[in-house]
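All remarks here apply to the structure that follows.
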Amino acid sequence: MQSPVTVTHPRLNRSYQVYRDGEELFQTEYELDPSGKEVFRTTHKLDYAIGSGTRGITYITRRAQHLFQAPLSYYASTGAWELSPGYETLDHGFNRQIETSCLACHAGKLNLVAGKRGFFGEPPFEELAIGCENCHGPGQIHVRERLKTLEVSGQVDHTIFDPSKAPPRLGENVCMGCHQWGDARTLLPGKTHFDFRPGDYLYDTLAILKVPPDPSKKADPSKKADPSKQEGVLLEHHFGMQMSLCFRASAGALSCFGCHEVHNPPQPNDKVAYYRQKCLQCHTGETCGIPLAKREALTPVNDCAGCHMPRRDLRGIRHTALTNHRIPRNPDAPLPAELFELTTAGLPDLVLLNPPPGEDAALPLATRFRAYAEIALGRPEYESKSLRLLDQLAAGEPADAFVLAALGHQAKLEKTADADHRAIAYLTKAAEQNTGFDSVYYDLAEILSRSGGGIEALAIVDKGIARAPFSRTLSRMRTFTLLQLERYAEAEETIRRHVDLFPADAEIRELYEKIEAANAAAR
């Protein structure tokens, strides 16, 4: 066994280790008390790796039928193991469940268990890496006709979708699914992340939304723009490109595929010359305002993209940089006026980044609410907006599980008999959809418990645990509900299970230690 690499997080008082034992990798999380005595330790085998390795690799551990991220990732830029993204502020341990929305971009075909959120079959992946059909769509007809050596009629093989040969705005929808982020990426009602098919518009499945840029950042003609303040409002790969002068001057002809050849990417040593040649398809060497002699003295030489598409650190993901696809002429070039004119009458406080061309897309109310609720987590001013939409949804007959859960939660907060009755109705409907949202069962059980229905509350918690077996919240609620019901033997069993699943939970761990001490004294 190789010696472990140890990473310590002093503020959270956690230490993490990664080591190899034979052909397998393992990670450990542990805590030491002030005297150096070990408080807890938990170790898990790393079952899968995500990432190409050019920027870094994060790891997945499988627990029963669920997949979780491991606390340490390997970062190629530093050649070191460090905390995985998001672990800098919170101790997720080995309980950060990986959502299918992440795996839709980072893996091939998934073996999902129908009707059970977060459950995977055996094996979890039918195809580990991103495959042909992720970008080209189902290939059965294409394979059948090519095996028959049938000739392709015309220049394009229409038995398979080729994004690079499709109209630019349609082909780019394949790229946007993973390479265009926003402040909210919200599914349309009834859709999953696997309903998108190359050749369709992404908007039919997913809405990508962004908070409009602050008008105060609009360029003042009397002042030079501050690039450090502008970077925060850039709208990432696809939308950044659309805001570029290059895109606008091309009358929309510029697209992802004008610069990127997915099946024939340049080698690292060839990148500068490769992308410079892409620029010279529209520009000339004389276009640049920097004298040739000065450009040739730079390192790298004549690096168009290095000057006009600089990389900036990406917030929230360590050692990762994002290329500025807005292609500014100068670092202090003002943001285009068009960037501040993207809202519509129907969507006045959000920008829809992937509308179907030529259409004023009417975003469904439930989708708008989910987007507002997601954005409100980081921007409190959107909370009141989301609540107003929730009131509109309540006036109809909501069927979306997320909306029902939100309506139930809001009613629960009122703490009146009538509000509790409404909350129970909403939450029961949400639970009937076999949702894996543990908050649905927690809220429902809390209402029943405070009205004296401890037995009914326990039954709801057990249903929730069956659908979300690694929910720390529900496991804690089961512990305290059993103690209130004076069902001590069952409570002890639940506490043991909880400590096994969530060893970092200090409160339940102290209960466990008291039980162990009492049992030892009784023997």
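Where a number appears in this text, it was derived from the coordinates with a stated rule and is not lab data. All of these numbers come straight from a predicted model, not from anything done at the bench. Counting neighbours? That spans all protein chains shown, and the Cβs are built from the backbone with ideal geometry, glycine included.
Placing pseudo-labels 7 Å out from each Cα toward the beta carbon at Val5 and Thr287 gives an inter-label distance of 4.2 nm.
Sites listed here are GluC sites (Glu not before Pro) in region 415-523 whose DSSP assignment is loop and whose Cβ has at most 10 other Cβ atoms within 10 Å: Glu486.
Zone of Cys178 (label point 7 Å along Cα→Cβ, backbone N under 12 Å): which residues in region 106-136? 106-109, 128-136, by backbone N distance to the label point. Residue ranges 111-117, 496-502, 350-356 sort as 350-356, 496-502, 111-117 when ordered by packing (mean number of other C-beta atoms within 10 Å per residue, highest first). Rounded to the nearest 0.05, the FRET efficiency derived from the C-beta distance between Glu490 and Leu128 at R0 = 41 Å is 0.50. Between helix 401-414 and the chain there is an angle of about 50 degrees, using the helix long axis and the longest principal axis of the Cα atoms. With R₀ fixed at 25 Å, the C-beta to C-beta distance from Arg295 to Ser250 puts the FRET efficiency at about 0.55. Loop-located GluC sites (Glu not before Pro) across region 128-161 with a Cβ neighbour count of 15 or fewer within 10 Å are Glu151, with loop assigned by DSSP. With each label modelled as a point 7 angstrom along the Cα→C-beta vector, the Asp391-Arg20 pair spans 6.1 nm.
Compared with the alpha-carbon gap, the fully stretched path from Leu413 to Arg497 is longer by 27.2 nm at 0.36 nm per residue. The lysines within cross-link reach of Lys191, meaning a Cα-to-Cα straight distance under 19 Å and a gap of 8 or more places when in the same chain, are Lys109, Lys116, Lys429. Compared with the dominant Cα axis of the chain, that is its longest principal axis, helix 383-394 is turned about 70°. Compared with the alpha-carbon gap, the fully stretched path from Leu188 to Arg169 is longer by 4.8 nm at 0.36 nm per residue. In this structure, Ala425 and Asp462 have a Cβ-Cβ separation that, at R0 = 22 Å, corresponds to a calculated FRET efficiency of about 0.60. Only one of (i) 89, 66, 61; (ii) 81, 80, 43; (iii) 87, 53, 50 was calculated from the structure for Cα extents along the principal axes in Å, and its label is (i).
In this rough spin-label picture, where each label sits 7 Å from Cα along the Cβ direction, the Asn13-Ser52 distance is 4.3 nm.
Against the longest alpha carbon principal axis of the chain, how many degrees, from 0 to 90 and to the nearest 10, is the axis of helix 488-501 turned? With both axes taken from Cα atoms, the answer is about 30 degrees.
Extension gain for Leu377 to Glu145 (0.36 nm times residue separation, less C-alpha to C-alpha distance): 78.5 nm.
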